[in-house]
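I have placed the structure first, in the form of structure tokens, so that the comments after it can refer back to it.
The values are calculated or read from the model by the stated rules, or taken from the named source; none is laboratory data. No experiment lies behind these values; they were computed from the predicted model shown. Every residue, glycine as well, gets a Cβ built from its backbone with ideal geometry; the counts of neighbours run over all protein chains shown.
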Amino acid sequence: MKILVAGGAGYIGSVCTEYLLDRGHEVVVFDALINGHREAVDSRAVLIQGNLEDAAAINQAVAAHRPEGVIHFAAFIEVGESMQNPGKYFRNNVANGLNLLEACVANGVRKVVFSSTAAVYGMPNQVPIPESEPTKPINAYGESKLMFERVLYWYREIHGLQYTALRYFNAAGASPTYGEDHNPESHLIPLVMQAAEGKRKSIKVFGTDYDTPDGTCIRDYVHVLDLAQAHLLALQSDICGAFNLGSGNGHSVRAIIDAVREVTGVDFAVEEVERRPGDPARLVGDSTEARKVLGWQPQYDDVREIVRHAWAWRKAHPNGYKA
Ligand SMILES: NC(=O)c1ccc[n+]([C@@H]2O[C@H](COP(=O)([O-])OP(=O)(O)OC[C@H]3O[C@@H](n4cnc5c(N)ncnc54)[C@H](O)[C@@H]3O)[C@@H](O)[C@H]2O)c1
């Protein structure tokens, strides 16, 4: 297949691009390099530096390359920032995405696979969370992703554009070549690793009085290579709709800190502070549907292995993608 990957210079997009190329697909990356890195784009891919806010640029890219499928990773991803500046999130994650869909419709793209998020569920009633759980985001980031899922639904109804929305839980790990280099970083595993590297003086644990066995929040960490596998399966499938992608295992903040200590062999300071508003005690995905319907077979269910892969990438890239 020929596939256009919007946001392919970012963390998940770079690993997914490599995964597709390794399996013989042709990839065109469209990325503004606002948060991504040129060095994160596999040299076998064509890189077009462009912004989805530029309708002519994305239309030209799709018209020139005529991809059969499009994967849409391009978005802003900071929950905290989305609650300070919601306009930035709705503009990029919803409005700019429309330019991509218009280009798909105009140029006969068959299918779009979209990066959605567990944040569409807000504070869930049931854990593990099935897709039937009501969607009630509690931040503008999650709302922007849910809005785009609805947009996809209507583009399918009206234009026949097929779509799969993949609701990731916490993406983690790395391939041997591509890994996570966000600035600012807000994800737990890289933050704990920064403490292990001495790049931050401690790791903060927000709340130790949650109703969980060790009192800290529980999250579901899914390997970025398993996410890549799901994107290819979704592109190959004719089934439309939204699917959870999680490992199904929950790990507490303390368990992640222990795993990083074990993998790195480094001890570091841990600071216990107040809860943050809006953090649910447990977020674990039920991904039975993705396994059953898409045939997804995640390969990594051991969080220590996920941490080991992330650490190996950081050791090889101590300054991230900066030389
Ligand atoms: N990282 C996670 O744990 C996680 C969890 C759930 C969902 N997601 C979603 O997965 C996707 C990828 O996440 P990531 O961690 O790789 O993020 P990232 O910031 O590393 O990658 C996003 C990429 O999109 C590009 N981009 C953003 N806006 C653009 C625009 N208007 N035009 C062109 N390029 C643009 C950025 O330059 C960047 O390279 C995002 O949509 C995110 O919301 C991520």
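Can you tell me how many residues within region 289-307 are part of a helix (DSSP H, G or I) and within 19 Å of the chain's Cα centre (by Cα)?
Total satisfying the criteria: 8.
Of the residues that make up region 267-288, is at least one in contact (Cβ under 8 Å) with a residue 60 or more places away in the chain, buried (at least 20 other Cβ atoms within 10 Å of the Cβ) and part of a loop (DSSP other than H, G, I, E, B)?
Scanning region 267-288 turns up at least one residue that is in contact (Cβ under 8 Å) with a residue 60 or more places away in the chain, buried (at least 20 other Cβ atoms within 10 Å of the Cβ) and part of a loop (DSSP other than H, G, I, E, B).
For region 237-254, what are the residues that are of a type in the set (S, T, N, Q), under 16 Å from Tyr168 (Cα atoms) and in a loop (DSSP other than H, G, I, E, B)?
Ser247, Asn249
Filter region 140-174 down to residues that are among the polar types (S, T, N, Q) and away from the ligand (no atom under 12 Å from the Cβ) and give me whichever is nearest to Asp238 (Cα to Cα).
Out of the qualifying residues, it is Gln162.
Considering region 61-75 alone, what residues qualify as being of a type outside the set (Gly, Ala, Ser) and surrounded by 15 or more Cβ atoms within 10 Å (Cβ to Cβ)?
Val62, His65, Pro67, Glu68, Val70, Ile71, His72, Phe73
Out of Val28, Val62, Val15, report the one residue that is aliphatic (A, V, I, L, M), modelled with pLDDT of 95 or more and part of a strand (DSSP E or B).
Among Val28, Val62, Val15, only Val28 is aliphatic (A, V, I, L, M), modelled with pLDDT of 95 or more and part of a strand (DSSP E or B).
Please identify the pairs in which a residue from region 298-323 that is surrounded by 15 or more Cβ atoms within 10 Å (Cβ to Cβ) has its Cβ atom under 6 Å from the Cβ atom of a residue that is of a type in the set (D, E, K, R), counting only partners at least 6 apart or on another chain.
Qualifying pairs under 6 Å: Pro298/Asp226; Tyr300/Asp226; Gly320/Asp181; Tyr321/Glu39; Tyr321/Asp181.
With respect to Ala57, determine if the residue is buried (at least 23 other Cβ atoms within 10 Å of the Cβ), touching a helix residue (DSSP H, G or I) at 6+ places or on another chain (Cβ under 9 Å) and more than 13 Å from Val109 (Cα to Cα).
No, not satisfied.
Among the candidates Leu52, Leu33, single out the residue that is near the ligand (Cβ under 10 Å from one of its atoms), assigned by TED's automatic domain parsing to the domain that holds Arg91 and at positive phi.
Leu33
When you scan region 93-127, how many residues do you find that are over 21 Å from Asn170 (Cα atoms) and either more than 10 Å from the ligand (Cβ to nearest atom) or in contact with a helix residue (DSSP H, G or I) (Cβ under 8 Å, 6 or more places away or on another chain) (or both)?
So the answer is 17.
Taking the conditions exactly as written (in contact with a helix residue (DSSP H, G or I) (Cβ under 8 Å, 6 or more places away or on another chain) and under 30 Å from Gln299 (Cα atoms)), does Pro190 satisfy them or not?
So Pro190 fits the description; yes.
Tell me which residues, restricted to region 163-217, are surrounded by fewer than 23 Cβ atoms within 10 Å (Cβ to Cβ) and of a type in the set (Lys, Arg).
Correct list: Lys199, Arg200, Lys201, Lys204.
Consider only pairs whose beta carbons are under 8 Å apart and that are at least six residues apart or on different chains; among these, list those whose first residue lies in region 176-204 and is in contact (Cβ under 8 Å) with a residue 60 or more places away in the chain and whose second residue is assigned to a helix (DSSP H, G or I) and charged (D, E, K, R).
Pairs that qualify, where the first residue is in contact (Cβ under 8 Å) with a residue 60 or more places away in the chain and the partner is assigned to a helix (DSSP H, G or I) and charged (D, E, K, R), are Thr177/Glu18; Tyr178/Glu18; Gly179/Arg314; Pro190/Arg314; Met193/Arg314; Ala196/Arg261; Glu197/Arg314.
Please determine, by comparing only the residues of region 32-48 that are assigned to a loop (DSSP other than H, G, I, E, B) and in contact with a strand residue (DSSP E or B) (Cβ under 8 Å, 6 or more places away or on another chain), which one is surrounded by the fewest Cβ atoms within 10 Å (Cβ to Cβ).
Arg44
Would you mind finding the one in Asp279, Asp258, Asp267 that is of a type in the set (Asp, Glu) and under 30 Å from Thr164 (Cα atoms)?
Numbers: Asp258 fails: under 30 Å from Thr164 (Cα atoms); Asp267 fails: under 30 Å from Thr164 (Cα atoms).
Being of a type in the set (Asp, Glu) and under 30 Å from Thr164 (Cα atoms) holds for just one of Asp279, Asp258, Asp267, which is Asp279.
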